[in-house]
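Q: Starting off with a structure, shown below.
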Amino acid sequence: MATPPKTPPKTPAKTAKPRKSATRKPAAPKPPPKPAPKPAGGVALAAPLVLAGEPSALHGTLSLHNPGNARMALRDLRLTETGRKRDKLAVDLPRVKVRPGARRDVALSLAIGPTTPPGHYTMSLPIDGTEHPAQIIVTEVVDLEIAPAELVLTGKPGTKIDKLMAFHNHGNVPATVPAVGAVQLDLDQLHCRAQRAALKALVDSERRLDDLIRALSDSYQAELDSFAPLRVFNDALSVPPGETRSQTWTFQIPGKIPTGVDATAVIPILSDSVTVRLRAT
């Protein structure tokens, strides 16, 4: 009987030794960044700030001094009125840079609300944590706009004509439109007619200088006596700053005026005027 072959003995499997975990030392914390060196001293006003002029054109000089050792950039500069709780006046100033150890003068040209009343305004200007006093001086502005600026009247002598007038006050003080009353007329070609009439009245024997002057005086007087003033009927009207008012004016064509002759009247009212062109038919 055959003997079965011998099986070689099994070698036990080697067990892997556990690796030692690599322990890393924790990194040392980074030191905090060093703060930037502070300049020795802050920017301050080198001279009092005063802005003066009309509300739309305030002018002044911002004088700054930087005694420190670093360049300074001033942003968000703002003038604020002191002493009032409501409706305080405030003005934003431009950004300014000042070199270390230097003084800088900045010319300012600023605008505030067009209806800001005239007067002295005490202001405060904070710079680098310090409040600096300042002043704004607002001057008076009289600016009245009248519409229409030109009127045309046509009618028989003595006729009354109504016209609607509008007044807008662009200034910062109340504008008063007065009662107009009588307005002198300027007749077209008055000088030409007067001189022709004077020469026509002279005869050949009266052409001396004295005679000519007398004839001119008489003819001019006759022209002036040929027409009466234009009459305007209206009540006095006050227009507050920034507002518009309207009113009906009544114009009366003079009862004594040459027909078919163009005449012009200019009615000045504060900063504006109304031109009236008239022809009696």
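Q: Any residue in segment 103-124 that is surrounded by fewer than 17 Cβ atoms within 10 Å (Cβ to Cβ), among the basic types (Lys, Arg) and within 30 Å of Gly255 (Cβ to Cβ)?
A: No: segment 103-124 contains no residue that is surrounded by fewer than 17 Cβ atoms within 10 Å (Cβ to Cβ), among the basic types (Lys, Arg) and within 30 Å of Gly255 (Cβ to Cβ).
Q: What about Thr281, is it more than 30 Å from Ile112 (Cα to Cα), of a type in the set (S, T, N, Q), outside the structural domain of Ala201 (by TED's automatic domain parsing) and at pLDDT below 95?
A: Answer is yes for this residue.
Q: Which pairs do you get when a residue that is at positive phi, found in segment 54-80, comes within reach of a residue that is hydrophobic (A, V, I, L, M, F, W, C) and in a loop (DSSP other than H, G, I, E, B), reach meaning Cβ atoms under 9 angstrom, with the pair 6+ apart or on two chains?
A: From residues that are at positive phi, the pairs are Asp76/Leu93.
Q: Gly60: within 26 Å of Glu140 (Cα to Cα), of a type in the set (Gly, Ala, Ser) and assigned to a strand (DSSP E or B), yes or no?
A: yes
Q: Considering only segment 158-176, state which residues are over 12 Å from Thr244 (Cβ atoms) and in a strand (DSSP E or B).
A: Lys160, Ile161, Asp162, Lys163, Leu164, Thr176
Q: Exposed (fewer than 15 other Cβ atoms within 10 Å of the Cβ), over 38 Å from the mean Cα position of the chain (by Cα) and modelled with pLDDT under 90: which single residue out of Asp262, Asp211 fits that description?
A: The conditions single out Asp262.
Q: Please return the ranges of strands (runs of 3 or more DSSP E) entirely within segment 75-118 where 3 or more residues are of a type in the set (A, V, I, L, M, F, W, C) and under 22 Å from the mean Cα position of the chain (by Cα).
A: Details: elements: 78-81, 90-92, 96-98, 102-110.
Ranges flagged: 102-110.
Q: Quick check on segment 98-111. Is at least one of its residues at pLDDT below 90 and of a type in the set (Asp, Glu)?
A: The answer is no; no qualifying residue exists.
Q: Sticking with this structure for a sec: Have a look at Pro133, Pro118, Pro126 and point out the one that is at pLDDT 95 or above, farther than 30 Å from Arg279 by Cβ and assigned by TED's automatic domain parsing to the domain that holds Ala52.
A: Details: Pro133 fails: at pLDDT 95 or above; Pro126 fails: at pLDDT 95 or above.
None of the others qualify; the one that does is Pro118.
The values are calculated or read from the model by the stated rules, or taken from the named source; none is laboratory data. All values reported here derive from a predicted model rather than from experimental measurement. A quick note on method: Cβ atoms are made from the backbone with ideal geometry, for glycine too, and the neighbour counts reach across all protein chains shown.
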